[in-house]
Structure formats: C-alpha cells, structure tokens
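Here is the structure we will look at.
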Amino acid sequence: MVNVKLDGVEVEVEPGTTVLEAAKKAGIEIPHLCTLKDLYNGASCRLCLVKTTRGKLVPACAYQVYRDEEFTVNSLELKRIRKVNFELLLSFHKIECWKCERKGDCLLASLSQELGVEGIPVCSQCPLPPEECLLTKGILCLGMITSSGCDAECITSGGQCWGCRGPITRRDVLERAFKRYEELGFNIDDVLFRAEIFWNSVPAFEKLKKVAAEVRGGKK
Amino acid sequence: MKSFYIEFGIEEVPAVAGRLDIYVKGDEVSVKVRFGVLQDPRFFEKFVKKRDPIEVPYMMSRICGVCSVVHLTCSTMAIEKAMGIKPEENSLKIREIAKGMEILQNNLIHVLMSIPDFTGTKNALEFSKKYPNIFSKIMELNTRTLDVYRRIGGRFIHTPSIGAAFHGKPIYRYELEGISRELSNLSEELHSLAYELAEIWKPLAPGFKDPVPSYCVLQADDGYPFFSEKLLFSDGQVVPAEKYYETIEELKIEYSNAHYTLYKGKPFYTGSRARLQAYSHLLTDRTREVIKLLKIDYDNPFENVKAQYAEAVQVTEVLAQVAAELAAKVKHSIKPFYLERRKDCTGEGIAFATAPRGTLIHHYRIRNGKMDYANVITPTVMNARHVEVNGEALIRWLASSGQPDEEEVKPIIAALLRAYDPCLPCAVH
Ligand code: SF4
Ligand code: SF4
Ligand code: FES
C-alpha cells in the first residue's frame with residue numbers, strides 16, 4: 001500500500017491507483033470529463049489536472065501512484081487552468097442546447113457552472129424536452145440568450161426565463177439563438193425589448209444588440 | 001403635565017428593512033416625532049410605462065424581496081382587470097393560497113425579529129440563546145411554510161409561475177391534499193407554541209392607547225379576504241376600487257422620500273392589528289383562543305406583533321380549508337394555462353390585496369396594449385403618519401410623570417416603529 005496526500009488529506013491506496021480514484025476514496029472531487037473506467041484513459045480533456053510537489057501538472061485520471069506522494073488538487077491556479085482548458089474544448093462544441101436531447105442533464109453544462117465558464121444558455125438546464133420548449137407555444141422565453149447556472153429556476157417553477165443572469169457573450173450561440181427566434185415567429189425587437197428589463201445597463205447587452213441587428217440584416 | 005424637554009435622533013433601527021431615521025424634539029407643549037424614509041426613490045411607477053402589460057407583475061414583484069408575492073399577485077389582478085381578462089377560478093384559489101402563505105411566513109419572521117423587545121433580550125441572536133426551543137421552533141415552522149409554498153408556486157421570491165393571464169405550474173390533487181394536511185399541522189403547532197409565548201411575552205407600555213385608532217383593511221365579502229375590490233375603514237365606510245383615490249389622500253413630505261397618507265384628514269393604520277379587529281366575526285375558534293392566550297390589547301400599537309402571530313394561526317386554518325376545498329373540486333390536477341389576450345387592449349384596473357404589513361393597492365391604465373399609468377400605495381406608506389402620531393403620544397405618555405430618560409425613550413420608540421413592521425424599499429417603490 002502507498003500513502004497519497006491530496007491537499008493535506010491522506011489516503012492509503014494500492015500501488016498503481018490513479019490520483020482520481022484515490023481522490024474519490026478520500027471524498028475529494030476533481031472535475032473530469034473524458035475518462036471512462038476500463039474504456040478510455042487517454043487523458044485528452046485535461047480538466048482533471050493536478051499539481052505535484054515539484055510543480056508539474058499531471059492528469060489525475062491517468063497518473064498512477066507507486067510511492068508515497070503529495071498533490072495539490074484544488075486551488076485557484078488549478079481552477080484557472082481547468083477553466084481555460086474547458087473553454088478551449090467548448091469553443092468547437094456547437095451549442096444549440098434548446099434542440100438537444102440531453103438538455104436538463106448535461107455534463108458540459110454542469111462543468112461550466114462549476115468552473116465559471118460562461119456561454120452556455122439557460123436552455124442547457126431547462127427541464128422541458130425540446131418539443132415542449134415554451135417558444136414553440138408562442139411564449140417568449142429568454143433562455144436561449146441568457147447565461148446558465150441557475151438550474152433554469154424559473155422554467156422549473158413553471159415560468160419563463162427573464163434573463164436575470166445576464167446575456168450570453170458567445171457570438172455563434174447568439175446568432176443561432178436569434179435565428180431560431182425568427183424561425184419561430186418572434187420579432188427580434190420584442191426579444192430585445194424584453195431583455196432590456198434586466199440588461200439595460202449591462203455592457204454585454206450592447207454587443208448582443210449588434211449581433212441581433214446583423215442576424216436581422218442578413219435576412220433582408 | 002410636568003415640564004420636560006427632549007431631542008434626539010435615531011439613525012438606524014435594527015430589524016427594519018431599509019434606511020430611515022427618526023427625529024424627536026419637543027417639550028410638554030408640543031412634541032414632534034419625524035419618521036424620515038431615506039431610501040432613494042426607485043421609480044417603479046415610472047419605468048413600467050410603455051411596457052407590455054404582462055411584464056408588469058414581474059417587474060412590480062421586484063418592489064420588495066420580502067413580500068414579493070403580494071406585489072406580484074396584486075399587480076397580476078389589476079393588470080388582468082385592465083386587460084379585461086377573467087382568470088380561471090382555480091388559479092384564483094392558487095393565488096389566494098400563495099398570498100396567504102406569504103402572510104404566514106412574513107408574520108412568523110417578523111415575530112421573531114420583534115420578540116426581543118417584549119422579552120427583555122437585545123436582539124434575535126440573544127433571544128435564540130435565551131429561548132433556544134422557541135427560536136428553533138419558529139424557524140422550523142418558517143421552513144415548513146416555505147416548503148408548502150414551493151409546492152404551490154415554485155420559487156418563493158419573485159415566483160415565476162404566477163402572472164397575468166397565466167398560471168405555470170401543474171398542481172396535482174394529492175399535492176393539494178398534502179398542503180391542506182400540512183397547514184392543519186402547522187396551525188396546531190402554532191397553537192401549542194402560543195402557550196409558551198404567552199409565558200415570556202411582556203407587554204410594552206401597557207396602558208398606552210393609540211390616539212387615532214382608525215384603520216383601513218379590505219372589505220370581506222367572502223371569507224377572510226386576501227384580495228378584494230373594496231376597502232373598508234374602521235368607521236364603517238366601504239370604498240369601491242374606483243373611489244380609492246378620492247378617499248385616501250397622499251401627501252408629499254419634505255423630510256421623507258415616501259408619501260404619507262390620510263383618511264378624512266387623519267392618519268390611519270393597517271396590518272394584522274387592524275385585520276383581527278375588522279374580521280373578528282371571521283376568526284376561527286383556535287385563533288380566538290390564541291388571541292385570548294396572548295391577551296392581545298387592540299388599543300396598544302405594540303400589540304400588532306402579537307396580532308401577527310394570531311393571524312398566522314388564522315391564515316393556516318383558512319388556507320387549509322381553501323386547499324381542501326380545491327382538492328375536492330380538482331379531478332386530477334390544475335393544469336398550466338396561457339389565456340389569449342388582445343395585443344391592443346385599452347382599460348383600467350385597480351386591485352387591493354392583503355399584504356403581510358397591511359393593505360396594498362395597485363392601479364394601472366393601459367392604452368393600445370402598452371402601459372400608460374401606474375400607481376402603487378403600500379402599507380408602510382399608509383402607516384407612516386400613524387407611527388409619528390403614536391410616537392408623539394407615547395412620549396407624552398412616558399413624560400407624564402416628569403422628564404423622561406432619553407436612553408429609555410430611544411429603544412421604545414424604535415420598538416414602536418418595529419411593531420408596525422415597516423418596509424422602506426416598499427415605501428419608496
Ligand atoms: S423553454 Fe426557454 S429555457 Fe427551455 S429550451 Fe425553450 S427557450 Fe430554452
Ligand atoms: S430568469 Fe434568471 S433564474 Fe430564471 S431561468 Fe432565467 S436566468 Fe434562470
Ligand atoms: S478526465 Fe480528461 S484528462 Fe483526465
């Protein structure tokens with residue numbers, strides 16, 4: 001048996017155990033995405049990076065311990081690094097949560113909430129299946145252009161999203177969202193008028209309005 | 001009366017939401033108490049102008065984070081009236097339950113915040129140390145109230161599922177039955193807690209009498225009222241919605257950011273103390289028993305806190321009944337609905353609601369589908385002048401046997417204000 005020390009918490013494990021498993025045993029959470037027990041440990045997402053005593057960053061899901069060792073597993077620095085890695089991953093994910101079958105139960109959405117990554121819309125946590133989206137019933141919901149992180153509180157409670165968490169800043173998501181508003185017969189001016197209630201003095205609202213104008217202009 | 005001179009200010013009153021100051025100055029000839037709301041005006045009535053009417057209840061609910069439900073529901077009712085929409089019967093009942101739950105929750109918390117004044121403790125923290133059982137019991141009742149609310153409306157603060165022409169949360173029959181049962185349990189527990197409270201609750205300024213005992217409540221046409229189209233004043237006058245403006249006089253006051261109100265040129269009050277008196281014929285046996293246990297003296301303004309407790313008992317019983325009746329009516333569930341609305345409607349709507357702190361008025365005009373005018377009168381505004389007049393009388397009462405000690409007067413004036421349960425963000429809306 002070897003002794004692993006994670007943020008000062010000691011845990012005894014078999015030699016060859018990964019840091020991620022050791023952490024699980026110690027009751028410590030390390031964010032992870034790509035690893036699948038017995039199927040994949042290619043360490044490609046790099047969300048689970050931890051730091052050795054010599055300052056090296058290693059993926060917890062693949063790094064095995066064979067001797068007594070110490071790691072920093074949660075720190076502001078690590079969180080920042082994980083956040084950047086996650087943002088890079090997300091950058092080529094086509095975000096269209098409102099159409100997604102996994103919405104309401106999405107690992108990417110919960111990770112982005114945990115790491116403080118913006119850009120995923122409220123729809124990602126919305127409990128309604130895509131075909132029951134309020135927009136399809138003609139009810140204006142700002143979920144598509146609002147940053148997630150609230151567990152879609154209002155929709156879960158039976159209401160609509162009013163955008164209280166602030167606008168999404170990712171351009172491609174906004175473009176797709178405004179196109180969908182138009183497809184479903186909503187006037188973009190109405191959407192922006194509604195959004196004004198919460199976002200009137202939010203700087204990102206200006207950018208959002210520009211994107212909206214372009215989407216409208218492109219159609220002409 | 002013996003001669004005296006007193007002058008002091010209080011800049012902060014603990015356990016009161018918002019910013020205010022109290023200024024007291026005078027002698028045996030004349031003494032003035034000034035209650036100045038320093039909270040900045042927030043212009044809710046102005047910024048809803050030109051908006052889509054269905055957005056208004058959600059905006060108005062933001063007037064207050066403590067009693068958002070009453071602003072939301074009152075505004076919803078007024079907007080629906082202005083739009084000429086008749087909501088479904090069941091959803092009206094749901095609104096009633098939601099509204100009542102808020103009164104229950106608010107009253108419990110306010111009792112907890114004010115009870116230190118009546119038990120010789122400095123604040124709620126000290127009270128919790130001296131009477132840990134009572135403290136944790138009230139906290140537990142509060143949590144359970146919120147749990148019930150969640151089943152009815154979802155989120156408690158700024159409830160998203162209630163709105164004009166709209167009800168958003170499916171509510172199943174078994175849920176209604178459960179709510180009714182839980183409310184009956186709550187009522188029983190509140191009743192037994194009243195015995196313990198009666199033992200520790202010492203009246204403040206016993207024998208002091210409210211010099212202007214006129215009040216304003218909702219007219220009760222059909223049971224304990226949470227909403228109504230008429231106001232009732234203590235002199236028996238019933239005022240229909242469209243006449244409220246002529247009856248309640250609003251004054252602009254130079255030292256306060258809030259308006260004050262008068263009825264027939266005199267101040268009046270509103271709140272639980274007023275309601276228990278006005279609806280004495282509607283009170284349940286259990287409520288009457290609690291009123292007797294706590295020995296509530298309606299002439300003393302401090303007793304409003306006790307009245308809040310007794311009203312909590314009343315509300316649980318009324319709501320348990322409403323929920324049970326609704327459960328018996330509903331086959332399977334109350335479904336969400338969105339009613340059609342005309343985009344270009346024109347109309348006027350006024351609604352009165354029972355807020356935890358008193359009577360609330362929302363008044364709107366819509367022109368061509370856009371908001372044109374809004375007026376809101378909150379309970380704190382109604383009470384504001386009444387607090388001052390009572391403060392002045394109280395100082396005279398305290399000074400009847402000579403120069404009062406400033407350090408003794410200060411806390412009792414603060415306690416008087418607290419007893420009205422004022423909410424300053426509401427006052428400046
Ligand atoms: S209801 Fe709102 S939050 Fe849910 S999917 Fe539709 S737009 Fe998104
Ligand atoms: S209004 Fe706010 S809390 Fe409600 S769903 Fe939208 S972002 Fe979430
Ligand atoms: S989980 Fe993806 S690198 Fe470890």
To the nearest 10 square angstrom, what accessible area does B:Asp299 show with a 1.4 Å probe?
70
Please list, or write none, the lysines whose alpha carbon is within less than 25 Å of the alpha carbon of B:Lys32, excluding same-chain residues fewer than 8 places away.
B:Lys2, B:Lys209, B:Lys252, B:Lys264, B:Lys266, B:Lys410
Ellipticity estimate at 222 nm from DSSP helix runs (n ≥ 4, -39,500 (n - 2.57)) divided over the protein assembly as shown, nearest 500:
-13500 deg cm²/dmol
Relative to the first principal axis of the alpha-carbon coordinates of chain B, what is the inclination of helix B:173-200, with its axis defined by its Cα atoms, in degrees from 0 to 90 and to the nearest 10?
10
Over all pairs of different Cα atoms in the stretch B:37-146, the reciprocal of the mean inverse distance gives a Kirkwood radius in Å of 16.5
Distance between the C-alpha centers of the stretch A:1-64 and the stretch A:116-153? Whole Å please.
34
Expected output is a single nm value to one decimal: the length gained when fully extending between B:Cys345 and B:Lys2, i.e. 0.36 nm times separation in residues minus the C-alpha distance. What is it?
117.0 nm
Say we join alpha carbon atoms closer than 10 Å with springs in a Gaussian network model of chain B; which of B:Lys137, B:Lys306, B:Lys99 then has the biggest fluctuation?
B:Lys137
B:Tyr269's amide H: which non-local residues (gap 5+, or another chain) put their own amide H closer than 5 Å, with H modeled 1.01 Å from N in plane and none for Pro or chain starts?
B:Ser214, B:Tyr215, B:Cys216
So if we plug the beta-carbon distance of B:Arg34 and B:Leu282 into 1/(1 + (r/R0)^6) with R0 = 45 Å, what FRET efficiency do we get, rounded to 0.05?
0.75
Which residue fluctuates the most in chain B, going by a Gaussian network model with Cα springs under 10 Å, if the choices are B:Tyr255, B:Tyr269, B:Tyr309?
B:Tyr255
Taking θ as phi - 60°, what are the ³J(HN,Hα) couplings along the stretch A:78-86 by the Karplus curve (6.51, -1.76, 1.60), each to the nearest whole Hz, with x for Gly and Pro?
4, 4, 5, 5, 4, 4, 4, 4, 5
Indicate the residues belonging to the stretch A:144-166 that lose 50 Å² or more of solvent-accessible heavy-atom surface (probe 1.4 Å) upon moving from the chain alone to the assembly of all protein chains, ignoring ligands and nucleic acids.
A:Ser157, A:Gly158, A:Trp162
Placed amide H near A:Leu49: partners under 5 Å, 5+ positions off or other chain
A:Ala60
Between the alpha-carbon centers of the stretch B:1-49 and the stretch B:372-390, tell me the distance in whole angstrom.
14
If you plug each phi of the stretch A:92-104 into the Karplus form 6.51 cos²θ - 1.76 cosθ + 1.60 with θ = phi - 60°, what whole-Hz ³J(HN,Hα) values come out, in order, with x for Gly and Pro?
10, 8, 7, 7, 9, 3, 4, 9, 7, 5, 7, 4, x
Please list log₁₀ I(q)/I(0) at q = 0.08, 0.10, 0.17 Å⁻¹ for chain A, using the Debye equation with identical point scatterers on the alpha-carbon positions.
-0.38, -0.55, -1.07
Be a star and scan the stretch A:135-165 for residues whose amide nitrogen sits under 18 Å from the point 7 Å along the Cα-to-Cβ vector of A:Glu214.
A:145-146
Cβ-based net charge around B:Leu398, under 14 Å, with every Lys or Arg adding one and every Asp or Glu removing one:
-3
For the B and A pair, go ahead and give the buried accessible area with a 1.4 Å probe, both sides summed, in Å² to 100.
1200
Contour minus end-to-end for A:Arg67 and A:Glu206, with contour as 0.36 nm per residue of separation and end-to-end as the Cα-Cα distance?
44.5 nm
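Once you've got the Cα coordinates, tell me which of A:Lys37/A:Lys179; A:Lys94/A:Lys210; B:Lys202/B:Lys230; A:Lys25/B:Lys129; A:Lys37/A:Lys103; B:Lys86/B:Lys295 are over 31 Å apart.
A:Lys37/A:Lys179; B:Lys202/B:Lys230; A:Lys25/B:Lys129; B:Lys86/B:Lys295
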Using amide H atoms built in the peptide plane, which far-off residues or other-chain residues are under 5 Å from B:Arg51 H to H?
B:Met371
Pick from A:Cys34, A:Cys126, A:Cys61: which is most flexible by mean-square fluctuation in a GNM of chain A where alpha carbon atoms under 10 Å apart are linked?
A:Cys34
Counting Lys and Arg as +1 and Asp and Glu as -1 over every other residue whose Cβ sits under 13 Å from the Cβ of B:Lys2, the net charge comes to -1
Using the C-alpha atoms of the protein assembly as shown, what convex hull volume per residue, in cubic angstrom, is computed?
199
Under 18 Å from a label point 7 Å along Cα→Cβ of B:Tyr245: give me every residue in the stretch B:57-80 with its amide N that close.
B:75, B:78-80
For the stretch B:317-330, in residue order, the Karplus 3J(HN,Hα) values (coefficients 6.51, -1.76, 1.60; θ = phi - 60°; whole Hz; Gly and Pro = x) are 5, 4, 5, 4, 5, 4, 5, 5, 5, 5, 4, 5, 7, 7
Simple SL model, points at 7 angstrom along Cα→Cβ for B:Lys202 and B:Glu88; separation in nm is 5.5
Kirkwood Rh, the stretch A:2-83, all Cα pairs: how many Å?
12.5
Environment charge at B:Pro160 (Cβ cut-off 9 Å; Lys +1, Arg +1, Asp -1, Glu -1):
+1
With a 21 Å threshold on alpha-carbon distance, the violating pairs from B:Lys81/B:Lys370; B:Lys169/B:Lys329; A:Lys83/A:Lys209 are A:Lys83/A:Lys209
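The values are calculated or read from the model by the stated rules, or taken from the named source; none is laboratory data. Just so you know, these numbers come straight off a predicted model, no measurement behind them. Methodologically, a virtual Cβ is constructed for each residue, glycine included, from the backbone with ideal geometry; neighbour enumeration extends over all protein chains shown. For accessibility, only protein heavy atoms count, side chains too; no ligands or nucleic acids. Shrake-Rupley method; radii C 1.70, N 1.55, O 1.52, S 1.80 Å.
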